[in-house]
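Remarks on the structure that follows.
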Amino acid sequence: MSLDTPASRAPGFTLVELLVVLAVVGLLVGLLIPVIGHIRDTAGAARCAGNLRTLHSAAMLAIADRKNGMLDRSNWPTQISGYLALPPGHTGDDNWPENLPSPYRCEASYRLRPSDRGYTRTYGINNFVCPTANGGDTVLSNTARRLGDVASPALTAFFMDGAVGVAGKAYWPYVRPSNLSGASPVLYPHDNAANVVFVDGHVSRISQTGMLSKNGTEASPFWGKVR
């Protein structure tokens, strides 16, 4: 009697069963991909918020050493770099390696648009908390010269996800209401929202819709325009 009988063969998948298994696996993968993407985006937004808190801490130390004098809207990366334990010499336009972490860089923004700014910077400072530009002595109008000039620190933005230039890999060092949309817009890299650290140190995530409806003009407390 042959040993190769139906009763002695090992059970296996039929073609129909195999197709069913493949369909179930495909369905599970389809369900997991958005979840994994959401987890990645959430983690990226949290890292961005941490970077903004780091910039805030460094800026406050620099301002204290400047006898409460506020930072320059163009040169602030250089003015605070010494408080960030970063190697010097990378605050201008350069090619800081993208595999090295940088408190100046939001990874979500960088994926949308790489930066060739110093330390691959993607963040910008609020124009109205900076009294000067490009290291000059001329005081910009309606801006805070000293920390005490900021009337509402909990409402006034300090640093935020930055605005891009019209071409290339440029990011503006400062942000104004006109940058919320238009030719040089803020990227809103976190699910159509931007992270902002305020002068008092707290971080908020603001949707593009909310930013445009509430902070679209210089009159908004968000900008802290000095009158």
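The values are calculated or read from the model by the stated rules, or taken from the named source; none is laboratory data. The structure displayed is predicted, hence computed values, not measured ones. Glycine gets a Cβ as well: all are built from the backbone with ideal geometry, and neighbour counts include every protein chain shown.
Contact annotation: residue pairs with Cβ atoms under 9 Å, 6 or more positions apart or on different chains, pairing a residue in the range 128-153 that is free of Cβ contacts under 8 Å to residues at least 60 places away in the same chain with a partner that is of a type in the set (A, V, I, L, M, F, W, C), are Ser141/Val226; Pro153/Leu147; Pro153/Phe198; Pro153/Val199. Restricting attention to the range 199-221, the residues being among the acidic types (Asp, Glu) and either surrounded by fewer than 14 Cβ atoms within 10 Å (Cβ to Cβ) or closer than 16 Å to Leu187 by Cβ (or both) number 1.
So which residues in the range 59-77 are under 18 Å from Val175 (Cβ atoms) and free of Cβ contacts under 8 Å to residues at least 60 places away in the same chain? I'd like the intermediate steps shown before the answer.
Applying the first criterion (under 18 Å from Val175 (Cβ atoms)) to the range 59-77 yields 59, 70-77.
If the condition is that a residue be under 18 Å from Val175 (Cβ atoms) and free of Cβ contacts under 8 Å to residues at least 60 places away in the same chain, then Leu71 is the only one that fits.
Can you say whether Ala59 is in a helix (DSSP H, G or I) and not hydroxyl-bearing (Ser, Thr, Tyr), as far as the supplied structure shows? Against the criterion (in a helix (DSSP H, G or I) and not hydroxyl-bearing (Ser, Thr, Tyr)), Ala59 qualifies. Only residues that are within 19 Å of the chain's Cα centre (by Cα) and among the charged types (D, E, K, R): list them for the range 62-84, please. Passing the criteria: only Arg73. Number of residues in the range 125-140 that are crowded, with 24+ Cβ neighbours inside 10 Å and either modelled with pLDDT under 95 or not in a helix (DSSP H, G or I) (or both) equals 2. All conditions but one from (1) on the phi > 0 side of the Ramachandran plot; (2) crowded, with 20+ Cβ neighbours inside 10 Å apply to Asn192; the one that does not is (2).
When Ala85, Ala157 are checked against the criterion of being among the aliphatic types (A, V, I, L, M) and at pLDDT 95 or above, Ala157 stands alone in meeting it.
The residues on offer are Arg105, Arg121, Arg111, and the sole one that is within 17 Å of the chain's Cα centre (by Cα) and at pLDDT below 95 is Arg111.
Being out of contact with any helix residue (DSSP H, G or I) (no Cβ under 6 Å at 6 or more places or on another chain), loosely packed, with under 10 Cβ neighbours inside 10 Å, assigned to a helix (DSSP H, G or I) and modelled with pLDDT of 70 or more is true for just one of Gly30, Gly50. Which residue is that? Answer to the check: Gly30.
Only residues that are surrounded by fewer than 20 Cβ atoms within 10 Å (Cβ to Cβ) and in a loop (DSSP other than H, G, I, E, B) were counted in the range 104-122, giving 3. Identify the single condition in (1) farther than 22 Å from Leu71 by Cα; (2) basic (Lys, Arg); (3) in contact with a helix residue (DSSP H, G or I) (Cβ under 7 Å, 6 or more places away or on another chain) that Arg176 does not satisfy, given that it satisfies every other one. Of the numbered conditions (1) farther than 22 Å from Leu71 by Cα; (2) basic (Lys, Arg); (3) in contact with a helix residue (DSSP H, G or I) (Cβ under 7 Å, 6 or more places away or on another chain), the odd one out for Arg176 is (1).
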